[in-house]
Amino acid sequence: MTLRLILGSDEAGVDYKDQILADLRQDPRVGEIIDIGVNRADEDFNKPYPYIGIAAGELIRDGRADRAILFCGTGLGVAISANKVEGIRAATAHDSFSVERSVLSNNCQILTMGQRVIGLELARRLAKEWIGYTFDPSSASAAKVQVLEDFEGAAAATGGA
Ligand SMILES: O=C[C@H](O)[C@H](O)COP(=O)(O)O
């Protein structure tokens with residue numbers, strides 16, 4: 001199965017977003033790429049990072065995409081923002097092991113990275129690695145992720161989320 005993948009960033013991450021977008025357009029594992037911006041020609045090029053993180057999370061929550069790779073200065077702001085959307089697990093990761101575990105341990109749908117934190121070549125490599133991982137619902141990690149889902153379900157039932 002090929003991935004439906006979102007790429008997005010604020011202005012502080014747009015160079016990496018555009019390069020990795022170009023890389024992944026050539027990747028046979030990716031079936032569809034949705035570029036949610038920002039783009040240099042946009043009137044709202046300076047749009048704050050929460051709009052990007054929330055938009056990506058909502059598209060995944062609504063079943064319109066499978067996963068996302070997002071960038072900002074640190075990767076933190078877009079991750080925090082995406083994690084506000086129910087059911088979304090987004091993680092900032094700048095090393096190969098964390099990139100792997102974000103999927104295999106945490107079943108993250110979103111990877112975020114910081115253009116002001118890591119080099120471009122490492123970010124390109126990590127993006128390619130990340131899309132190669134698939135969560136195993138029969139793994140020992142599944143019960144741990146389920147705790148998060150149960151918490152969100154209980155909070156929603158009581159009007160708390
Ligand atoms: O997490 C926030 C991002 O790094 C953003 O790109 C920059 O935010 P700032 O301008 O508030 O530092």
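With Cα atoms defining each centre, the range 46-86 and the range 129-161 are spaced 17 Å apart in the structure. Here is the list for the range 1-44: trypsin sites (Lys or Arg not before Pro) lying in DSSP coil, each with at most 10 other C-beta atoms within 10 angstrom of its C-beta, are Arg40. When shorter helices are ignored and each DSSP H run of at least 4 residues is given -39500 (n - 2.57), the per-residue value for the chain at 222 nm works out to -13000 deg cm²/dmol. Sorted ascending by nearby beta carbons within 10 Å, beginning with the fewest, Thr74, Thr158 become Thr158, Thr74. Rounded to the nearest 10 degrees, the inclination of helix 49-61 to the longest alpha-carbon principal axis of the chain is 50 degrees. Relative to the longest principal axis of the Cα atoms of the chain, helix 142-157 runs at roughly 80 degrees. If the cut-off is 17 Å between C-alpha atoms, which lysines fall inside it for Lys128, apart from same-chain ones fewer than 8 positions away? Within the straight-line limit of under 17 Å, Lys128 reaches these lysines: Lys17. Under the criterion of Cα pairs below 8 Å and six or more residues apart, the relative contact order for the range 1-118 equals 29 percent.
For the pair Val147 and Lys47, what calculated FRET efficiency results from E = 1/(1 + (r/R0)^6), where r is the Cβ-Cβ distance and R0 = 35 Å, to the nearest 0.05?
Values: r = 34 Å, r/R0 = 0.97.
Efficiency for this residue pair is about 0.55.
Across all directions, the shadow cast by the convex hull of the chain built on its C-alpha atoms averages 9.4 square nanometres.
Helix 14-25 and the longest principal axis of the C-alpha atoms of the chain enclose an angle of approximately 80°.
No lab work stands behind these numbers, since they all come straight from the coordinates. Since this is a predicted model, take the numbers as computed values, not measurements. Glycine gets a Cβ as well: all are built from the backbone with ideal geometry, and neighbour counts include every protein chain shown.
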